[in-house]
Amino acid sequence: MKNFLFSILFLLITISVYSQKTIGSDINSSFFDSKKDTINNKKEITVKLDGETKFTDYKVISIAYDTTFIDTTLTLKKDYKFNYLHKDDFELLPFHNQGQTYNTLGFNFENNSIFPEMGISAKRFNYKTVEDISYYSVPTPTTQLLYRSGLEQGQVLDAFITMNMSRQTNVSIAYKGLRSLGKYRNALSSHGNFRATFNYTSKNNKYTARGHFSSFDFYNDENGGLTDASVLLFESGNTNYVDRARLDVNYTNADNMFEGKRYFLDHTYTLFSKNENQKIKNDSLKNSLKKRKGYEANVRRLKIDTLNLAKNQSKIDSLNFLITAIQIDTSDIKKIIYSKEIAIKLGHTLEYETQHYRFNQTSASTTLYGDYYNSEIEDHTSYQKFNNQLYAKFKSPYLGELKGGIRYFDYNYHYNSILYLDNQTISNALKGNAIAFEADWKTNYKNFFITANASTIVSGDITGSSLKASAYIKKDSIFTFKGLAEFTTKNPDLNKVLYQSDYKEYNWQNNFKNEDITSIGFEFTSNKWGNLKGSYNVVDNYTYFNEDALPTQADETLNYFKVTASKAFTVGKFTLDNTVMYQKVSKGESFFNAPELVTRNSFYFADDIFKGDPMYLQTGVTLKYFTKFNARAYSPVLSEFIVQNDEEIGNFPILDFFVNAQIQRTRLFFKVENFTASFTGRKYYAAPNYPYRDLTVRFGLVWNFFI
């Protein structure tokens, strides 16, 4: 332990000495809704920029063209996201080993696709959809390295680099690799996730193109969980079994893998474009700056509330904005332009993806899964899908942005052979295609914004339709309120309709109805008053895996309500950050289970330390707790979760101690997970027969380079 502490100290000193200085992208806390940034908000610091480069030039662009910036700050939200998924896992409960699956504490019925998916839901937490892929535009080559220790001979490394070949062209390459042995027998995780992107804009801005290639392989050894005898030994706290590898598991000869590749291209051409520009000189900005003490010719500093800037276009000539948020080199400011654009664009999107799921077992486990056709289990499911869309966009300052398109979707979900049973013939494939019409609308009036989306399948082998609408209002920087509604009818996942296995009980072909999903929700966001988000969901023909691991369609309507509230309270250098989720299943309790209450509370200290403030420190404790409920059981054969009503989990605290630090653009994370495990009782589970992790020490870092 002493050597370990010396190693950590040496790492901190090394990074402090060799880390690069923060570029002009350093921003203050109000911009990222954080407590701390690389600029000390207690002092006036003059930042000299390199040429014309600013932090706003390092852009991250989503599939919907929403633009943010590469964020090098350290906040508590970064601690919540410092996990294998790089996402806040508040509504998830991880299994003991990194790279294994997650059980679900909270459910989401929004943003449904009308086109069928393969299923294999337990393997999809690390799967990146088209919407998860980001595109970039940067003035200099930019790199991010993430490292996180694993459990027993393992770690996660996520490396990313992006660069602009010119002002018009950007490319990026990223790879996330994981290998972690785990504490229990036959629990190895070995994952790879590669992404490469490009985006291009012609010099006249008429033609744009972007695309990506994604490849993934998620391999896990499977053990079926602890045996009933081992469960008793685990809960007893017997010191002879502190080494979890001594506990018996149901089998040690199985593995499963989910792998695939995707090719994606989206490009547009502008047929007509007209701008009605309002140009406003920045004389008032310069006059304000000249009054500031210490104004210099080459280094000028002005803080502007960008939210107010965006919300007061009609009053731009006054330029009386609150000086609070972003540092700008005003030597770059030639003029402020607001554009009223009228444009017509044609676009085309092409997507092709292959997915494969395999379950292998050298000898069958008849006590768990029943009789078999072949004693050596070799299940293989394949899925290919092809998406081809043509669309047109019309943009007007009076109507907003309208988009209409037609989509051709082709799918092939298949096995190697037809299965002939005594009472049923199970085909080897679900193949077909569909043609769908789609429309989108976005508009706003001052601070009121409306979005709507409609899609319907008009012909083909499947049916489905969707209508989504949302409206939100922004009140300066005080609050945002959003209301939304979604109505979707869609096919169940394909593995619930057709499945083949060497296990006799895992073969079926069903003729299910479409699932009908209605979701109505709201979201209130305020730095002052906190955040509140709620939804009410009604699902007809809800399809699930029952206690026998067979797909079933519910006769009863599912009614599910969820509301989440969060608020942080700060006194001096101490902060209490709270998130609470309440859920209620008013109909459908027999096949849909969720904990009534989930809470996460973090109490921590945050401040600069050492002379000259070279390091920003966060340290504290996070408590996560959820009430007892009949959690879904995990099926390694299907890589799905199945309903069970015999065993409850929950009602145990998960306490994590953390120390996080920031030195220049490097964020360091050190955590002791579930440190109260030895005296809160050994009844903590992620799923029936799958214990949650014991006390575990984890550390890692995130390091950005801007060349």
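The values are calculated or read from the model by the stated rules, or taken from the named source; none is laboratory data. Since the model is a prediction, treat every value here as computed from it, not as a measurement. Cβ atoms come from the backbone with ideal geometry, glycine included; neighbour counts cover every protein chain shown. The protein model used for the area step is the full one, side chains on, heavy atoms only, and it has no ligands, DNA or RNA in it. Shrake-Rupley method; radii C 1.70, N 1.55, O 1.52, S 1.80 Å.
Using the Cβ-Cβ distance between Leu597 and Leu145 with R0 = 30 Å, the FRET efficiency computed as 1/(1 + (r/R0)^6) comes to roughly 0.20.
Using every pair of distinct Cα positions in segment 510-562, the Kirkwood expression returns a hydrodynamic radius of 13.3 angstrom. Annotation note: trypsin sites (Lys or Arg not before Pro) in segment 526-635 located in DSSP loop regions with a Cβ neighbour count of at most 16 within 10 Å are Lys528, Lys573, Lys611, Lys628. Projected over every direction and averaged, the convex hull enclosing the alpha-carbon atoms of segment 146-217 yields 5.5 nm².
Among the listed pairs Lys128/Lys628; Lys203/Lys474; Lys513/Lys628; Lys87/Lys587; Lys78/Lys176; Lys59/Lys624, those with a Cα-Cα distance over 23 Å are Lys128/Lys628; Lys203/Lys474; Lys513/Lys628; Lys87/Lys587; Lys59/Lys624. When Trp703, Trp508, Trp441 are compared by accessible surface with a 1.4 Å probe, the order from highest to lowest is Trp441, Trp703, Trp508. Computed as a quarter of the hull surface, the mean projected area of the alpha carbon convex hull for segment 488-612 stands at 13.0 nm². In this label model, Ser363 and Ile435 are separated by 5.7 nm, measuring between points 7 Å along each Cα→Cβ vector. Among the protein heavy atoms, those of Glu131 account for about 120 Å² of accessible surface (1.4 Å probe, every chain in place). With every protein chain in place and a 1.4 angstrom probe, the accessible-area ranking of Asp516, Asp493, Asp228, largest first, reads Asp228, Asp516, Asp493. Here the Kirkwood formula, the inverse mean of 1/r across different C-alpha pairs, assigns segment 366-405 a hydrodynamic radius of 15.9 Å. For the pair Asn111 and Lys77, label points projected 7 Å from Cα toward Cβ lie 1.5 nm apart.
Here the translational diffusion coefficient of segment 632-707 follows from Stokes-Einstein with Rh set to the Kirkwood radius across Cα pairs; for 25 °C and 0.890 mPa s it amounts to 160 µm²/s.
Extent along the principal axes, Cα only, for segment 388-512: 67, 33, 18 Å, with the longest axis given first. R0 = 35 Å: FRET efficiency of Asn374 with Asn423, Cβ-based, nearest 0.05? Rounded to the nearest 0.05, the efficiency is 0.95. Surface listing: Met581, Met163, Met257 arranged by accessible area from highest to lowest gives Met163, Met257, Met581, probe 1.4 Å. Expressed as a whole percent, the accessible area of segment 463-543 that falls on carbon and sulfur atoms is 54 (1.4 Å probe). Charge dipole of segment 405-449 (Cα centre as origin; +1 on each Lys and Arg Cβ, -1 on each Asp and Glu Cβ, all else neutral): 300 debye, rounded to the nearest 20. Within the assembled protein chains, the solvent-accessible surface assigned to Ile173 is about 90 Å², based on a 1.4 Å probe.
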